[in-house]
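The values are calculated or read from the model by the stated rules, or taken from the named source; none is laboratory data. Source: prediction; values computed, not measured. Cβ coordinates were reconstructed from backbone atoms using ideal geometry, including for glycine residues, and neighbour counts include every protein chain displayed.
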Amino acid sequence: MIRGKRILLGICGSIAAYKAPHFVRLLKKEGAEVQCILTPDAHLFVTPTSLATVSQLPCLSEFTHSEDGTWNNHVALAEWADVFIIAPASANTLAKMATGRCDNLLLATYLSAKCPVFFAPAMDLDMYRHPTTLTNIQTLQSFGNTLLEPGTGFLASGLEGKGRMMEPEEMVEGLKSHFELAQSLNGKHWLVTAGPTYENIDPVRFIGNYSSGKMGFAIAEALAHSGATVTLVSGPTSLQIHHPNIQILRVTSALQMLEACLSVFPHVHGVVKAAAVADYRPETMATEKIKKSSEELTIQLVKNPDILAILGQQKTHQKIIGFALETNNELEHAKQKRLKKNADAIVLNSLNDEGAGFQTDTNRVHWVTENGCESWPLLPKEEVAKLIVQKIVSL
Ligand code: C5P
């Protein structure tokens, strides 16, 4: 899986940098091309000569070559890479990556990178568990970067705890699974819905809900990163898509969402319905703004079509993943919903779980299929999306 892949390895000033030549060696043995970039302080822990020798490419560190002043083109470096892995990632570099600082070649390359980025923190346990470091890590994950979780054990300080860089062998395995997953949905077309729907009352008012669209957008991105072509039907949200293989159809109401979904459903291999569709809409929309004349105002609502259930009835070969947001007797309701809507899986989140559901950057979900229920920890929505895609691949 790694053979022929171009791996950009960013190395920061952390004692774990002494393992970098070994990591490069393992990647080279697997047949990868490896280009190393050092931060200025990484030189204290590992030499460019060692890295250049094992990688068989000059090791880069400065914006320009000292001899002739020519430019180390960080944009071209970023374009060259299939993945960018920053290992070890120091607390300082994580903070700079999270805030967009750009005062060395590694950071400029990171800002230019459109390829998947992995980072393997390595630092002392108190630095690692400091709220700023944990917040920076979460921010980086919310940008779609993948955390290579540090291990627990002896640290260079003499203390014991969490902060050891993931072992090079484990990182190689992680990259192998990444490349495997990245091709796993090649040639597949998936439909994803996201966001709320707005049901118009009059030209300036609507019935809506608090859905941000983050979960659905993250799923669309994760599917595209696995090789799929994605049609994303989104209700009103200010979120933007990044991956070129995602086509976005922006809609407002449930009826428009239904129409957009029906137009692509026959051609797709599967659908993930993460949208929070309004169950009811005003029977009629007033053509003029409703004046506040009487003490009471009654708006007659009619039921919206259940898009998921309609797709479930129409499905031939498609896999269908629905969402369920429940407040009580959650698992039982999710199991019933899966059967009623003819879905292959339901992603269940409960409003009783802190950090889960609407408007948050994190989610705690349960994956419910005919085989039972698998519960995942509280994770950034991007990470939840990756797990959902792994499940989709195994479906
Ligand atoms: O029945 P309930 O609204 O709880 O089910 C949630 C699931 O059904 C979500 O996947 C949502 O996108 C979908 N749904 C839909 N059309 C509706 C209501 C919900 O597709 N009118």
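Say whether the condition of being of a type outside the set (Gly, Ala, Ser), in the same structural domain as His225 (by TED's automatic domain parsing) and either out of contact with any strand residue (DSSP E or B) (no Cβ under 9 Å at 6 or more places or on another chain) or more than 26 Å from Thr139 (Cα to Cα) (or both) is met by at least one residue in the stretch 343-352. The answer is yes; a qualifying residue exists.
Any residue in the stretch 200-208 that is over 20 Å from the mean Cα position of the chain (by Cα) and within 14 Å of the ligand (Cβ to nearest atom)? Reasoning before the result, please.
Of the residues in the stretch 200-208, the ones over 20 Å from the mean Cα position of the chain (by Cα) are 200-208.
Those still in the list that are within 14 Å of the ligand (Cβ to nearest atom) too: 207-208.
The answer is yes; a qualifying residue exists.
Of all residues in the stretch 184-204, those that are of a type in the set (Val, Ile, Thr), part of a loop (DSSP other than H, G, I, E, B) and buried (at least 20 other Cβ atoms within 10 Å of the Cβ) total 1.
For the stretch 303-315, filtering for residues that are under 28 Å from the mean Cα position of the chain (by Cα) and either away from the ligand (no atom under 11 Å from the Cβ) or β-branched (Val, Ile, Thr) (or both) leaves 2. Restricting the stretch 335-356 to residues that are assigned to a helix (DSSP H, G or I) and within 9 Å of the ligand (Cβ to nearest atom) leaves a set whose member that is surrounded by the fewest Cβ atoms within 10 Å (Cβ to Cβ) is Lys340.
If the condition is being touching a residue at least 40 places away in the same chain (Cβ under 8 Å) and of a type in the set (S, T, N, Q), then the stretch 271-298 contributes only Thr287. Inspection of the stretch 225-241 finds no residue satisfying the criterion of being within 13 Å of the ligand (Cβ to nearest atom) and either within 30 Å of Ile2 (Cα to Cα) or in a helix (DSSP H, G or I) (or both). Working carefully through the options Gly163, Gly153, Gly174, find the one that is touching a Pro at 6+ places or on another chain (Cβ under 8 Å), assigned by TED's automatic domain parsing to the domain that holds Ala20 and not in a loop (DSSP other than H, G, I, E, B). Of Gly163, Gly153, Gly174, the one residue that is touching a Pro at 6+ places or on another chain (Cβ under 8 Å), assigned by TED's automatic domain parsing to the domain that holds Ala20 and not in a loop (DSSP other than H, G, I, E, B) is Gly163. Among residues of the stretch 325-351 that are within 13 Å of Asn371 (Cα to Cα) and among the hydrophobic types (A, V, I, L, M, F, W, C), those with a beta-carbon under 7 Å from a residue that is part of a helix (DSSP H, G or I) and more than 11 Å from the ligand (Cβ to nearest atom) at least six positions away or on a different chain give the pairs Ala345/Lys391. Taking the stretch 14-72 as the range and being assigned to a loop (DSSP other than H, G, I, E, B), among the hydroxyl-bearing types (Ser, Thr, Tyr) and surrounded by 13 or more Cβ atoms within 10 Å (Cβ to Cβ) as the test, the residues that pass are Ser14, Thr39, Thr47, Ser61. Residues that are surrounded by fewer than 21 Cβ atoms within 10 Å (Cβ to Cβ) and of a type outside the set (D, E, K, R) within the stretch 78-90 comprise Ala78, Trp80, listed in sequence order.
Could you count how many residues in the stretch 256-302 are within 14 Å of the ligand (Cβ to nearest atom) and in a loop (DSSP other than H, G, I, E, B)? Residues in the stretch 256-302 being within 14 Å of the ligand (Cβ to nearest atom) and in a loop (DSSP other than H, G, I, E, B): 5 in total. When Ser234, Ser253 are checked against the criterion of being touching an Asp or Glu at 6+ places or on another chain (Cβ under 8 Å) and either modelled with pLDDT of 95 or more or surrounded by 17 or more Cβ atoms within 10 Å (Cβ to Cβ) (or both), Ser253 stands alone in meeting it.
Of the residues making up the stretch 316-327, just one is within 13 Å of the ligand (Cβ to nearest atom) and either farther than 24 Å from Leu387 by Cα or in a loop (DSSP other than H, G, I, E, B) (or both), namely Thr327. Tallying residues that are among the basic types (Lys, Arg) and over 16 Å from Phe84 (Cα atoms) within the stretch 20-60 yields 2.
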